[in-house]
Amino acid sequence: MRLFEPGKRFYKGNLHMHTTNSDGKLPLDEAAQRYQDAGYDFICITDHWKRTVDAHTRGRMLVLPGIEIDYFLPTQVIHLVGINVDESILTRADRKWGPQRGINAIRDAGGLAVLAHPLWSLNTTETINSLRDLTAVEIYNTTSAPPWNGDRADATGLLDMACANGVLHNTLAVDDAHHYNGDECVSFIMLQADELSVEGVMSALKTGAFYASQGPQFTQVTLEGDTVRVACSPVSRILFHSNRPYASDRCAQGKGITGADYTIRRDWNERFVRVIIEDAQGRRAWANPIPIPY
């Protein structure tokens, strides 16, 4: 199996950001312009409990309508991002009904549901894996890091534990931009689609044809027999995560390396592999986890 279709174009997008219609510091036009100027192909406006825009194009950039809704549990919060929701989301979603009904409401409104910043929210693996019909979970959330928050931006370890406990979630890197003083245009996904359209983006999100990044680029990730093989832009480190705690060949490291292999240990009952690449500046990219067939 291979994660990406050879020769197919990638589009760059951010699927979590805010405007002055909720608690963002910039109005819609200025916030969108930041991303357009930075070369993004698509964005989704996800104001809190607000649907700020209809789907439209801005120059060559696609703008999707979204929403962020939240639920408070005794020891954690659940924030859900709805991507490409219609106006009915404003009457379908209600805090008193709980997060699963929030996911259902997003899907009933034509959207896709994403679990936002699970480490920032102190979500447990039990909670994460109990939620049904999520399209993805945020593995990195820019605004969940200093200086805007404590250091809870990178949920890799938490999502590894969720995978080890039986549910493999596809992952996004997002900005969750609020302040627009450095929390914008940092984290994104690279998505393969037949065309830059609402239908193209939604289809790719549903099938997992994307990866999360802060800069490094995947060319391909394949599973051939018991070998996971990675090709990528020049990086300093390639990491292979799985449910196996120890592996002597977990990390390939060097200057400007563009590929590495990892051999699955079926006798150790490895059930998934997540590939992470890291460049010389410490920026990462995360491939969606690969299930190991038995």
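Read the figures in this text as sums done on the coordinates, not as results from a lab. Keep in mind the model is a prediction, meaning the values are calculated, not measured. With ideal geometry, Cβ positions are generated from the backbone for all residues, glycine too; neighbour counts draw on all protein chains shown.
Within segment 10-213, antiparallel bridges make up roughly 60 percent of the DSSP beta bridges whose residues both belong there. Each peptide in 36-43, 101-108, 20-27 receives the mean, over its residues, of other Cβ atoms within 10 Å, and ordering these scores from highest gives 101-108, 36-43, 20-27.
A dipole drawn for segment 218-291 from +1 and -1 charges on Cβ atoms has a positive end, and of 263, 245, 230 the residue lying farthest that way is 245.
Could you pull out which residues in segment 35-52 have an amide N less than 16 Å from a spot 7 Å beyond the Cα of residue 181, following the Cα-Cβ vector? The answer is none.
Over the chain, with a Gaussian network built from C-alpha contacts below 10 Å, which listed residue (267, 279, 133) shows the highest mean-square fluctuation? Judging by the Gaussian network model, the answer is 267. Full extension of the chain between residue 5 and residue 266 yields a length gain of 91.3 nm, computed as 0.36 nm times the residue separation minus the alpha carbon distance.
In plain terms, if you count all Cα to Cα distances in segment 43-185 and split them into 10 Å steps from zero, the share in each step is 12, 42, 36, 9, 0 percent. Taking the Cα centre of the chain as origin and assigning +1 to Lys and Arg Cβ atoms and -1 to Asp and Glu Cβ atoms, the resulting dipole is close to 520 debye. When the helices of the chain are scored as -39500 (n - 2.57) per DSSP H run of n ≥ 4 and the total is divided over every residue, the value at 222 nm lands at -4500 deg cm²/dmol. Peptide packing for 239-247, 185-193, 153-161, 222-230 was compared via the average number of neighbouring C-beta atoms within 10 Å per residue; ordered from the highest value, the list is 185-193, 153-161, 239-247, 222-230. Estimate the FRET efficiency between residue 22 and residue 161 by the formula 1/(1 + (r/R0)^6), using the beta-carbon distance for r and 30 Å for R0, to the nearest 0.05. Computed FRET efficiency for residue 22 and residue 161 comes out at 0.45. Of all the options 141, 84, 129, the one that moves most in a Gaussian network model of the chain with Cα springs shorter than 10 angstrom is 129. When the chain is treated as a Gaussian network with alpha carbon springs shorter than 10 Å, the biggest mean-square fluctuation among 100, 281, 33 belongs to 281. Here residue 25 is the anchor, and the lysines within straight C-alpha reach of less than 21 Å, apart from those fewer than 8 places off in the same chain, are 50. Taking the Cα centre of segment 218-291 as origin and assigning +1 to Lys and Arg Cβ atoms and -1 to Asp and Glu Cβ atoms, the resulting dipole is close to 220 debye. Dividing the Cα radius of gyration of segment 218-291 by its Kirkwood radius returns 0.95 for Rg/Rh.
In whole percents, the pair-distance distribution calculated for the chain from its alpha-carbon pairs, binned every 5 Å from zero, is 1, 6, 12, 17, 19, 17, 13, 8, 4, 2, 0, 0. Here, segment 14-117 has an Rg and a Dmax of 13.6, 45 Å when only alpha carbons are counted. In nanometres, what is the gap between the two model label sites at residue 129 and residue 108, each 7 Å from Cα along Cα-to-Cβ? It works out to 2.9 nm between the two label points.
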